[in-house]
Amino acid sequence: MPKHIADTATLNNGVRMPWLGLGVWQAQDGEQVVNAIHAAVEIGYRSIDTASFYHNEEGVGRAIRECGINRDELFVTTKVWNDDQGYDATLKAFEISRSKLGLDVIDLYLVHWPVTGKFVDTYRALEKLYRDGSVRAIGVSNFLEPQLKELLANCEVVPAVNQIEFHPLLTQPSLQTLCREKGIQLEAWSPLMQGNLDQPLLTELADKYGKSPAQIILRWDLQRGVMTIPKSVTPSRLAENAAIFDWALTEEDAAAIDALDEGRRFGPDPLTFV
Ligand SMILES: NC(=O)C1=CN([C@@H]2O[C@H](COP(=O)(O)OP(=O)(O)OC[C@H]3O[C@@H](n4cnc5c(N)ncnc54)[C@H](OP(=O)(O)O)[C@@H]3O)[C@@H](O)[C@H]2O)C=CC1
Ligand SMILES: O=C(O)C(=O)[C@@H](O)[C@H](O)C(=O)CO
């Protein structure tokens, strides 16, 4: 169990990735994303999750250059967007992301959504980038069991990560099982249900532990072995979300959170979105 915000999990290729990172979807490019990353790094965050779709890779790159932390102490994830899928288009999109970020090497590059008919070729481009040393690890996002099985039957490098919508109302147990069996690390997007934290059990547990509902969820992520990337541009919330390493939920309370699962999504459903 990680004990510090910079503690890492070892991915299936030996690369180490922090358990907790900063998500920056909807953080505006420029001052907002730069300030959020600087505040986060000061608190101890070492992982940043962006995507070409977030239109803030330039700000993320600037924040990294200006934050005073060595590049090799930071872990940067970005993703290839749906319109750029296919082998050649993905290689081109990667160069644009790499240039905007101002980085030679990206730590983790993900297929953002499994675009039907294209994701296998897209992933082949990621395998090339991995072999070339342009990325330290490759993976997927929003892959459900059918797409993951199809990819596993057609790839040479097993994805290191599957980044999926994951929170108390959506735990996708059979997808979790498949990822664990295959050595694919799960990573939770929208872990805080996009701010919809008004759930009676979470409030009850927050009172019991003297924590906030957000902290209860993020701690539960860690205890379930799921990496997590809460987004905030608010310094007090960045600190709150990071203060989850020095206490624990009882297994009974963690199981009560598991039982909230009702298959509810706050983001798009991969079955219909692509
Ligand atoms: N792969 C994919 O398809 C997807 C990936 N993601 C990734 O996951 C990250 C996180 O998901 P996201 O959808 O942003 O949503 P989150 O579940 O992280 O929730 C973010 C919202 O919660 C608020 N918030 C943050 N901390 C607290 C707190 N302690 N108490 C109360 N409210 C809080 C934020 O407000 P404020 O910022 O104003 O503080 C913001 O409105 C994204 O930023 C992105 O990196 C997200 C969606 C899809
Ligand atoms: O944030 C992401 O990474 C996403 O893919 C989502 O924002 C998703 O594309 C969406 O909600 C689009 O409306």
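The values are calculated or read from the model by the stated rules, or taken from the named source; none is laboratory data. Here the structure is a predicted model, which is why all the values come from computation and not from measurement. Positions of Cβ are generated from backbone atoms using ideal geometry, with glycine treated the same way; all protein chains shown enter the neighbour counts. Each accessible area value is taken on the protein alone, full model and side chains, heavy atoms only, with ligands, DNA and RNA left out. Shrake-Rupley method; radii C 1.70, N 1.55, O 1.52, S 1.80 Å.
This table checks each residue for (1) at pLDDT 95 or above; (2) in a loop (DSSP other than H, G, I, E, B); (3) touching an Asp or Glu at 6+ places or on another chain (Cβ under 7 Å).
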site: Val33; (1), (2), (3): yes, no, no
site: Ile64; (1), (2), (3): yes, no, no
site: Ile96; (1), (2), (3): yes, no, no
site: Lys100; (1), (2), (3): yes, no, yes
site: Asp104; (1), (2), (3): yes, yes, no
site: Leu108; (1), (2), (3): yes, no, no
site: Arg124; (1), (2), (3): yes, no, no
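Looking across the range 126-152, just one residue is assigned to a helix (DSSP H, G or I) and within 14 Å of ligand 1 (Cβ to nearest atom), and that is Gln147. Can you tell me which residue is nearest to ligand 1 (Cβ to nearest atom) among those in the range 79-111 that are open to solvent by 20 Å² or more (accessible area, probe 1.4 Å) and among the aromatic types (Phe, Trp, Tyr)? Among residues in the range 79-111 that are open to solvent by 20 Å² or more (accessible area, probe 1.4 Å) and among the aromatic types (Phe, Trp, Tyr), the one nearest to ligand 1 (Cβ to nearest atom) is Trp81. I'd like the full set of residues that are away from ligand 1 (no atom under 12 Å from the Cβ), closer than 28 Å to Ile244 by Cβ and open to solvent by 20 Å² or more (accessible area, probe 1.4 Å), limited to the range 43-61. Those that are away from ligand 1 (no atom under 12 Å from the Cβ), closer than 28 Å to Ile244 by Cβ and open to solvent by 20 Å² or more (accessible area, probe 1.4 Å): Ile43, Arg46.
Cβ-Cβ distances below 7 Å connect the following pairs, each with a first residue in the range 224-245 that is at negative phi, a second residue that is within 16 Å of ligand 2 (Cβ to nearest atom) and among the aromatic types (Phe, Trp, Tyr), and a separation of six or more residues or different chains: Val226/Phe166; Ile229/Trp189; Lys231/Trp25.
Kindly indicate whether any position in the range 3-24 is in contact (Cβ under 8 Å) with a residue 24 or more places away in the chain, more than 20 Å from Pro159 (Cα to Cα), within 15 Å of ligand 1 (Cβ to nearest atom) and exposed (fewer than 15 other Cβ atoms within 10 Å of the Cβ). There is no residue in the range 3-24 that is in contact (Cβ under 8 Å) with a residue 24 or more places away in the chain, more than 20 Å from Pro159 (Cα to Cα), within 15 Å of ligand 1 (Cβ to nearest atom) and exposed (fewer than 15 other Cβ atoms within 10 Å of the Cβ).
Here is the figure for the range 208-218: residues that are open to solvent by 10 Å² or more (accessible area, probe 1.4 Å) and either more than 9 Å from ligand 1 (Cβ to nearest atom) or over 12 Å from Trp247 (Cα atoms) (or both) total 6.
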